[in-house]
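In what follows, a single structure is set out as C-alpha cells and then discussed.
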Amino acid sequence: MRKVISFSLFLMLGLLLSQLLPGYMGSEGYASFKSFTDILLYVALSFIMINVGREFEIDKSRWRSYTADYFIAMVTAALPWLLIALYYIFVLLPPSLWGNLAAWKENLLLSRFAAPTSAGILFTMLAAINLKDSWIYRKIQVLAIFDDLDTILLMIPLQIFMIGLKWQMGVILVVVTVLLAIGWKWQGQWQADQRWHRILSYAVLVAAVTQGIYWVTDYLWGHDGSIHIEVLLPAFVIGMLMSHKHIDTPTEHRVASGISFLFMLLVGLSMPLIGSETHPEEGLAVTAAQPAMSWGMILLHVLAVSALSNIGKLMPVFFYRDRSLKERLALSIGMFTRGEVGAGVVFIALGYNLGGPALIISVLTLVFNLILTGGFVLMVKHLALSAEKR
C-alpha cells in the first residue's frame, strides 16, 4: 500500500514542480532541464514496459482459447476510454466544438489513459493477500496484460488519426508489424540476463534507438516529416521475448520501485503551466486552448471521470458465466487499478501539445485511482473469500 501512496505523491510532487521550476530556472534553463527529464522519462517507461512484457506468458499451442479473453480485455479497455472521451467532448467543451474533428482526435488520444490496468501494482497486491493461486488472480493476470497490449496497439491508429496518412506512418506501421511478428514467433525463447541493471541497459537502448530515429529524421525532413516511434511497443516486445525468470531479491524490488517512482515524478514534471493565458488563434491544440477552471470544478470532474472509468471496467461481470457473480465482480474491481501505462499515455498526449483542464483532470484522476487502489484490493479479497465460502 505504501508503494501505491508513493506513486500518487511522486506524481503530485512532479506536477507541483512543473508549475514552480519554469519561473525559478528561466525559459532557457527550464527548456534544457525538460529535454533531459524527457529522455529519463523514456528510459523509465521502457524499463517498465519491458517488465510488463516479461509478464506476457501464454501457451501459443492454445492460442484460440485466449481469443475470448482478449475480446473481453479489449472491451474492458475500450468502454472507459470511450465514456471519458464522450465526457471530455460533451461536458468539458462548448457546443460549438462538438463537431470539431481536431477536438475528437485530441480527446480520443488523451482519454486513452483510462484504458490500461496497472498490472504490476495489481499482481503484487493480490499476491500479498494470498490470492495468487485463485482463479481471480490467474484471470486478472491474463486480462490486465491483454488490456495493456490493446492500449499499446491502439496508440498506433490514434497517432495516425492525429498526424494523418503520411508516408512516415507507413514506416511506423511496418515497424509495428515486424515487432509483433518477432514477439509472437520467439515469445519467451530468449534466455536473457534479467537482473535490474541488464533490463535498464535494454531500456536505455530502446530509448536511444527510438529517440535517435526521431532526431535524425527531424534533422533531415523537419518536425512534420520526423518519424517518432513510441517506446511502448519495442520495450514490450523485448520483455515478451525473454523467458521470464523471477528474481525475488530486495535489491530488485527497490530498483524497480525506484524507477517507477521516478517515472511518476517525471510525468508530473512534464505537465504544462496551469492557468496560463491561451487563445485558439495561437495554433494551440483545442484542449490546450480551453479556459482554466476553478479547482472546485476540476475536482468535481475528477470524481465524475473516475466513476466513468471504473464503471467501464465492470465489463467482465457480464462474461465468465460459469463463475459466481462475486468472483466476476472481484475480477472487475481488480481491473480498476491504474498506474504507469496510463501515465505513459498522458505523456504521449503531451507530445502532441494537448493540455487545458482535460489534461489536469486526467492526471488527478490517475492520482485519485492510485489512492483508492488499496480499497479496491480489499474489496477483491472480501469478494473472493465470500465466494470460497459458498
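The values are calculated or read from the model by the stated rules, or taken from the named source; none is laboratory data. Predicted, not measured: the structure shown is a model, and the values here were computed from it. Positions of Cβ are generated from backbone atoms using ideal geometry, with glycine treated the same way; all protein chains shown enter the neighbour counts. Just the protein is used for accessible areas: all its heavy atoms, side chains included, with ligands, DNA and RNA removed. Shrake-Rupley method; radii C 1.70, N 1.55, O 1.52, S 1.80 Å.
What to note about this one:
- Cβ-placed point charges (K, R +1; D, E -1), dipole of the chain about Cα centre in debye, nearest 20: 1440 debye
- Taking the helices alone, the chain has a mean residue ellipticity at 222 nm of -23500 deg cm²/dmol, built from -39,500 (n - 2.57) per DSSP H run of at least 4 residues and averaged over all its residues.
- Protein accessible area in region 1-82, 1.4 Å probe - carbon and sulfur %: 68 percent
- Measuring spread by the Cα atoms of region 1-52 yields a radius of gyration and Dmax of 13.5, 39 Å.
- Measuring nothing but alpha carbons in region 143-210 and taking Rh as the Kirkwood radius, the Rg to Rh ratio lands at 1.03.
- Alpha-carbon Rg/Rh ratio, for region 31-107, with Rh computed the Kirkwood way: 1.16
- A simple rule links phi to the HN-Hα coupling: the Karplus curve 6.51 cos²θ - 1.76 cosθ + 1.60 with θ = phi - 60°, which for region 65-82 gives 5, 8, 5, 5, 4, 5, 4, 5, 4, 5, 5, 5, 7, 6, 5, x, 4, 5 Hz, with x for Gly and Pro.
- Unsatisfied cross-links (Cα-Cα over 25 Å) in the set LYS105/LYS139; LYS139/LYS245; LYS313/LYS381; LYS34/LYS245; LYS245/LYS313; LYS245/LYS326: LYS105/LYS139; LYS34/LYS245; LYS245/LYS313; LYS245/LYS326
- Segments 264-273, 153-162 sorted - mean Cβ within 10 Å per residue, highest first: 264-273, 153-162
- For the chain, the solvent-accessible area works out to 45 Å² per residue, with a probe of 1.4 Å and every protein chain left in place.
- Other residues whose C-beta falls under 13 angstrom from the C-beta of ARG198 contribute a net charge of +1, scoring Lys and Arg +1 and Asp and Glu -1.
- Cα lying deepest toward the dipole's positive end in the chain, options SER18, ASN107, HIS301, charges on Cβ: HIS301
- Burial order of peptide ranges 246-257, 183-194 (average beta-carbon count within 10 Å, highest first): 183-194, 246-257
- GNM top mover of TRP215, TRP295, TRP196 - the chain, alpha-carbon springs below 10 Å: TRP295
- For the chain, average projected area of the Cα convex hull in nm²: 19.6 nm²
- Taken along its principal axes, the alpha carbon cloud of region 182-263 reaches lengths of 47, 33, 14 Å, longest axis first.
- Placing +1 on each Lys and Arg Cβ and -1 on each Asp and Glu Cβ, with no other charges, gives region 280-390 a dipole about its Cα centre of roughly 780 debye.
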